[in-house]
C-alpha cells in the first residue's frame, strides 16, 4: 500500500459512493493522478473514469497543560477522489 494509505469512510463519501460512484482515499503526498488511478484499479479490480486530488496542509494547534503552553501542528496530507466507470463498486466493509 505505497500509494493508497487509507480509504475515507464518512457519511458524505458514502453518499457520494451511492449516488455518484465516487470514492475518497488518503494517498501519498508525492503521488500523481496516473499513479493513483493505477493503484485503485490494481487493488480493487475496477475501472477508474476520473481522479481529482486535494492537498491539505496541517493546522497549528496549541493546548494548555501543567508544563505551560504546548504548540505544534497536525500532519499535511493529500486526498484523492476517484470516480469509477460503469457499474463498478468498491465495498470497504467486505472484510469485516
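The values are calculated or read from the model by the stated rules, or taken from the named source; none is laboratory data. What you see is a predicted model; the values in this text were computed from it and never measured. Every residue, glycine among them, receives a Cβ derived from its backbone with ideal geometry; neighbour counts consider all protein chains shown.
Numbers at a glance
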read-out	value
Selected residue [modelled with pLDDT of 95 or more and part of a helix (DSSP H, G or I)] from 54, 39, 31	39
Selected residue (criterion: farthest from the chain's Cα centre (by Cα)) from residues of the range 1-28 that are in a loop (DSSP other than H, G, I, E, B) and surrounded by 13 or more Cβ atoms within 10 Å (Cβ to Cβ)	21
Test: residue in the range 66-85 that is at pLDDT below 95, under 21 Å from residue 15 (Cα atoms) and out of contact with any strand residue (DSSP E or B) (no Cβ under 9 Å at 6 or more places or on another chain)	no
The one condition in (1) surrounded by 10 or more Cβ atoms within 10 Å (Cβ to Cβ); (2) under 22 Å from the mean Cα position of the chain (by Cα); (3) not in a loop (DSSP other than H, G, I, E, B) that residue 61 fails to fulfil	(2)
